[in-house]
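*Asks:* Okay, handing you the structure first.
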Amino acid sequence: MTYGRFDHENKEYVIHNPATPTPWINYIGQKSYAGFISATAGGYSWYKDPRWARVLRYRYNSIPMDRPGRYIYIRDRETGEYFSPSWQPVQKIDKYECRHGLGYTKIRGEYKGISCSTQYFVPLDDDCEIWYATIKNESSVTRKIDTFSFAEFAFYHVEADQQDVDWVQQSGKGWLEDGVIHFSMHFRLWGTTYFSSSEPHTSFDISLEEFIGKYRGESNPIAVEKGRCSDSVVSRGNGVGAFCHSFELAPGEEKSIAYVLGYRPHGSENTILSSAERWRNMANCRDAKKALDSFWSQYIDKIQINTPDGDVNNFVNVWNQYQCKTTFNWSRFVSMYQLGIGRGIGFRDGCQDCLGIMHTDPDSAAVFLRKLLRNQFKAGNAYHQYYPLTGTGDHGEAKKGEGYSDDHLWLIITVSQYLKECGKWEFLDEVIPFADDTTGATVYEHLKRAINFTAGDSGVNGLPRIRFADWNDSINIGRGVNNDASSVWTAFLFAYVLREFARLVELKQGAEDAENYRKMYTEISEKIRAVAWEGDRFVRAFKNDGQPIGSKTCERGQIYLNAQTWAILSGVVSAQEGAALMDFTDSQLNTEVGLMLHTPPYDKYDDVIGGASSYPPGAKENGGIFCHTNPWAMIAETILGRGDRSYKYYCQIHPAKMSSQDRFEIEPYVYAQNILGKHHPKFGLGRNSWLSGTAAWNLVAITQYILGIRPDYKGIVIDPCIPGEWTSFSLIRIFRGKRLNITVHNPDHVFKGVKQIIVNGINQNNNFIRFEDLKDYDDIVVQMG
Ligand code: GLC
């Protein structure tokens, strides 16, 4: 069955069947007031931090699924029949359509001649969301209509809301002031939620219990059934934003109502009424939507491609960029799968997420990097995650002292990418405090300390200690104090970072200073080759007792993907060795829906390995297809010059290319974090859509390595590695304010290799274009061969 399709012209995904296999969601709002909304209006909102300032309630992992949401009920006053245009929660509808767009969702439903189309979005400049609803009489007779809104308020602190039910309910307070519903705790310190509408209401409810009625649910609220709210306020209990409007519509006539739901932290409640007033004006709502649209069209404008593959174009030009921004905003914190409570903003995740917005918004990446750098210790390592409202971090699952082996090293990848994209070298001289030292040091010094930390933290075989985990959170062989288990993958990351940092140091300080890092690179590369190379594969890690994992000598987990791809990314193997390595990897780990993380999966819990073996075979980090790692294989293949292989890996995990939506189950417009691997009975089922490192790395893989347009410190590299069948492609790329109009011809159908580059009519003698040679508009014609 299919559930929807792309509308390329409007940059929307259109869902025509509301019973999607999982809730297919969209995000509204950015880093301040934000929320997500499913195709049937399920979901919730929060202010800056879904853990501390949750505005709407949502019941995860519950039955019926995907409740509650931002509902509107439409009732025919003559027959008493009612429906919800978003299908949920009443589930009675003649026509339905949901359009998820960039920063907004529009849902239209029709039942027995009455339709309602609602546009949900968060304006760029206010901490609230707007539901712009238009109700229309599609029939040939005059209709008497009642509409009801529904927004179930949360008690802000989400853990208290679930654990301290007595206290929060005794403290909950809701009142009407100037026609605006206010909801807060008696002590007010956690802020105030407000809800208003553009039209005078005929009745209202703020008490959830009164609106729904005893032993009823969202699908049959007593107020809707009766056709009238009871004008209830709350002096203890749960809150709802429910307004009833009653009106008549002649045939063909329509009426719009704008609802606004917002939040103000304690101290700024005095701006509530002016906000409500502003959004009562429908023209203001329409202007805010236009401003939002133009924000997004400028956001995605910095790179626009045209290749022979429409799915590639659609994702690079729209959806992949959009997902990258969402992932940058919320890391792994708040989604259908992450409850907005525990995870905070991850350090390694955040660094990688920056890569997905760097081409269009490097300034936001810099602002974010400053926050991360404040969560680095003066010894060079870092907290694993931090919380947006406090800005302070913790180690997540790892106990204090253990930490993770890789978090801090990602800083170098992200800072170097920032310098390559925008050339703002002064960033390196900014002084930023450490988590444990307010004096701080320059960013440059922060980076050096990151390297020094790993250089001084060796374990088994002289490779970096793995600590609680490395990239793979679930390989926990390093738990416990004085544990020397080491990570071959972190060693590869370290090598990658050293090579990059040496280049950066050379440009900043001169060749002599860089020499030290080059020496370290050679040392770690030789060490890896000496202790982890088994001829056909690299071992993944060494346990405290020196035993390998990811080795041919293991019974389970004999080969791990990351330990092969990063051998190539880091340059530790030659091209010839790399090709053999990747051929072997392909034969062991590839499936039609992506490369698995390792094989064979662990068949029972292994106390030394920990997390990975706690999943059934084929799930998540136990031999599942962890999509985040697939773009590393794509990049490795472009380094080896094998464009067909790289493109094959790109297509395999592309959500719009999945053979069956019922098998994949999740949204076709964003990448998944994981797909169940071939050892799992539900092989091919996707989960954890939206917030995943897959988004950023896929954008990097396709734009910088497959299409091969790669910013560098002093200019831009043109080095495509494409499928042989492509005869040409073109793209527009804004690079440091210059507009590059690039056309690539491939008459000989090669994978890689640039024969000629003509920049503004002048022949270049290599495939690197210096920044100073660029004009404001540049025509670049590339001949491959
Ligand atoms: C999750 C984590 C990420 C980790 C990955 C593999 O996506 O957010 O940090 O690298 O799992 O364990």
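The values are calculated or read from the model by the stated rules, or taken from the named source; none is laboratory data. None of these values were measured; they are calculated from a predicted model. Positions of Cβ are generated from backbone atoms using ideal geometry, with glycine treated the same way; all protein chains shown enter the neighbour counts.
*Asks:* Residue under question is Cys324, and the condition is that it be under 27 Å from Ile716 (Cβ atoms) and either within 11 Å of the ligand (Cβ to nearest atom) or free of Cβ contacts under 8 Å to residues at least 12 places away in the same chain (or both); does it hold?
*Replies:* no
Conditions tested, residue by residue: (1) β-branched (Val, Ile, Thr); (2) within 30 Å of Pro265 (Cα to Cα).
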{"position": "Gly103", "(1), (2)": "no, yes"}
{"position": "Glu110", "(1), (2)": "no, no"}
{"position": "Asp125", "(1), (2)": "no, yes"}
{"position": "Ile130", "(1), (2)": "yes, yes"}
{"position": "Lys144", "(1), (2)": "no, no"}
{"position": "Phe148", "(1), (2)": "no, yes"}
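*Asks:* Would you point out the residue of the stretch 479-505, among those that are modelled with pLDDT of 95 or more and in a loop (DSSP other than H, G, I, E, B), that is nearest to the ligand (Cβ to nearest atom)?
*Replies:* Ala485
*Asks:* Right, here's the next one. Within the stretch 307-321, can you find the residues that are part of a helix (DSSP H, G or I) and either acidic (Asp, Glu) or within 16 Å of the ligand (Cβ to nearest atom) (or both)?
*Replies:* Once the filter is applied, which keeps residues that are part of a helix (DSSP H, G or I) and either acidic (Asp, Glu) or within 16 Å of the ligand (Cβ to nearest atom) (or both), the stretch 307-321 yields only Asp311.
*Asks:* Name the residue, out of Ala701, Ala696, that is within 14 Å of the chain's Cα centre (by Cα) and either buried (at least 23 other Cβ atoms within 10 Å of the Cβ) or in a loop (DSSP other than H, G, I, E, B) (or both).
*Replies:* The match here is Ala696.
*Asks:* Same structure, new question: Test Val744 against the stated conditions and say whether it is assigned to a strand (DSSP E or B) and touching a Pro at 6+ places or on another chain (Cβ under 6 Å).
*Replies:* yes
*Asks:* Can you work out which of the residues in the stretch 608-644 that are more than 16 Å from the ligand (Cβ to nearest atom) and within 23 Å of the chain's Cα centre (by Cα) is surrounded by the most Cβ atoms within 10 Å (Cβ to Cβ)?
*Replies:* Taking the candidates together, the pick is Met634.
*Asks:* Residue by residue through the stretch 370-406, note down the ones that are of a type in the set (D, E, K, R), surrounded by fewer than 24 Cβ atoms within 10 Å (Cβ to Cβ) and either more than 15 Å from His446 (Cβ to Cβ) or touching a Gly at 6+ places or on another chain (Cβ under 8 Å) (or both).
*Replies:* Lys371, Arg374, Asp394, Glu397, Lys399, Lys400, Glu402
*Asks:* Still on this structure, I have one more. Tell me, which residue of the stretch 667-689 that is away from the ligand (no atom under 12 Å from the Cβ) and of a type in the set (A, V, I, L, M, F, W, C) is surrounded by the fewest Cβ atoms within 10 Å (Cβ to Cβ)?
*Replies:* Once the filter is applied, the top-ranked residue is Phe683.
*Asks:* Can you list the helices (runs of 4 or more DSSP H) found entirely within the stretch 575-686 that contain at least 3 residues being at pLDDT below 95?
*Replies:* Answer list for the stretch 575-686: none.
*Asks:* Could you grab me the full set of residues in the stretch 158-178 that are in contact (Cβ under 8 Å) with a residue 24 or more places away in the chain and touching a helix residue (DSSP H, G or I) at 6+ places or on another chain (Cβ under 8 Å)?
*Replies:* Residues satisfying the conditions are Asp161, Glu177, Asp178.
*Asks:* A follow-up question, please. Which residue pairs have Cβ atoms under 6 Å apart, sit 6 or more places apart or on different chains, and have a first residue in the stretch 344-369 that is in a loop (DSSP other than H, G, I, E, B) and a second that is more than 10 Å from the ligand (Cβ to nearest atom) and charged (D, E, K, R)?
*Replies:* Ile357/Lys325; Met358/Glu421; His359/Lys302; Thr360/Lys302
*Asks:* Report those strands (runs of 3 or more DSSP E) wholly inside the stretch 1-88 carrying at least 1 residues which are under 25 Å from the mean Cα position of the chain (by Cα) and buried (at least 21 other Cβ atoms within 10 Å of the Cβ).
*Replies:* 4-7, 12-15, 25-29, 33-38, 45-47, 54-56
*Asks:* Something else about it: Out of curiosity, is Thr694 away from the ligand (no atom under 16 Å from the Cβ), of a type in the set (S, T, N, Q) and touching a residue at least 40 places away in the same chain (Cβ under 8 Å)?
*Replies:* So Thr694 fails the test.
*Asks:* Separate question: Filtering the stretch 227-262 down to residues that are surrounded by 15 or more Cβ atoms within 10 Å (Cβ to Cβ) and of a type in the set (Lys, Arg), which residue is nearest to Phe183 (Cα to Cα)?
*Replies:* Among those that are surrounded by 15 or more Cβ atoms within 10 Å (Cβ to Cβ) and of a type in the set (Lys, Arg), it is Arg228.
Residue-by-condition table, conditions (1) over 15 Å from Thr565 (Cα atoms); (2) surrounded by 20 or more Cβ atoms within 10 Å (Cβ to Cβ); (3) of a type in the set (Lys, Arg):
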position	(1), (2), (3)
Ser487	no, yes, no
Arg503	yes, no, yes
Ala511	yes, no, no
Lys519	yes, no, yes
Glu523	yes, no, no
Val531	yes, no, no
Asn544	yes, no, no
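*Asks:* Another question about this same structure. Identify all residues within the stretch 304-320 that are within 16 Å of Asn10 (Cα to Cα) and in contact with a Phe, Trp or Tyr (Cβ under 7 Å, 6 or more places away or on another chain); write none if there are none.
*Replies:* Asn314, Trp319
*Asks:* Another question, then. Tell me which residues, restricted to the stretch 104-128, are out of contact with any helix residue (DSSP H, G or I) (no Cβ under 9 Å at 6 or more places or on another chain), in a strand (DSSP E or B) and surrounded by fewer than 23 Cβ atoms within 10 Å (Cβ to Cβ).
*Replies:* Lys106, Arg108, Glu110, Tyr111, Ser115, Ser117
*Asks:* Given the residues Ile722, Ile718, which is the only one that is surrounded by 20 or more Cβ atoms within 10 Å (Cβ to Cβ) and over 30 Å from Phe664 (Cα atoms)?
*Replies:* Ile718
*Asks:* Filter the stretch 523-551 for residues that are of a type in the set (Asp, Glu) and in a helix (DSSP H, G or I) and give the result.
*Replies:* Glu523, Glu526
*Asks:* Can you go through Phe195, Phe211, Phe247 and tell me which one is within 37 Å of the chain's Cα centre (by Cα), touching a residue at least 40 places away in the same chain (Cβ under 8 Å) and assigned to a strand (DSSP E or B)?
*Replies:* Phe195
*Asks:* Give the residues of the stretch 437-478 that are within 16 Å of the ligand (Cβ to nearest atom) and part of a loop (DSSP other than H, G, I, E, B), sorted by residue number.
*Replies:* Ile466, Phe468, Ala469, Asp470, Trp471, Asn472, Asp473, Ser474, Ile475, Asn476, Ile477, Gly478
*Asks:* Out of Gln304, Gln298, report the one residue that is farther than 26 Å from Tyr156 by Cβ, assigned to a helix (DSSP H, G or I) and among the polar types (S, T, N, Q).
*Replies:* Answer to the check: Gln298.
*Asks:* Looking at the stretch 341-359, which of its residues are of a type in the set (D, E, K, R) and modelled with pLDDT under 95?
*Replies:* Within the stretch 341-359, Arg343 is the sole residue that qualifies.
*Asks:* Also, quick follow-up: Spot the failing condition for Trp131; the list is (1) farther than 14 Å from Val260 by Cα; (2) hydrophobic (A, V, I, L, M, F, W, C); (3) buried (at least 19 other Cβ atoms within 10 Å of the Cβ), and only one is missed.
*Replies:* Against the list (1) farther than 14 Å from Val260 by Cα; (2) hydrophobic (A, V, I, L, M, F, W, C); (3) buried (at least 19 other Cβ atoms within 10 Å of the Cβ), Trp131 comes up short only on (1).
*Asks:* Can you name every residue in the stretch 308-349 that is crowded, with 21+ Cβ neighbours inside 10 Å and of a type in the set (S, T, N, Q)?
*Replies:* Result: Asn320, Gln321, Gln323, Thr326, Thr327, Asn329, Ser331, Ser335.
*Asks:* Based on what the data block shows, is Phe333 modelled with pLDDT under 95, within 18 Å of the chain's Cα centre (by Cα), within 16 Å of the ligand (Cβ to nearest atom) and aromatic (Phe, Trp, Tyr)?
*Replies:* In short, yes.
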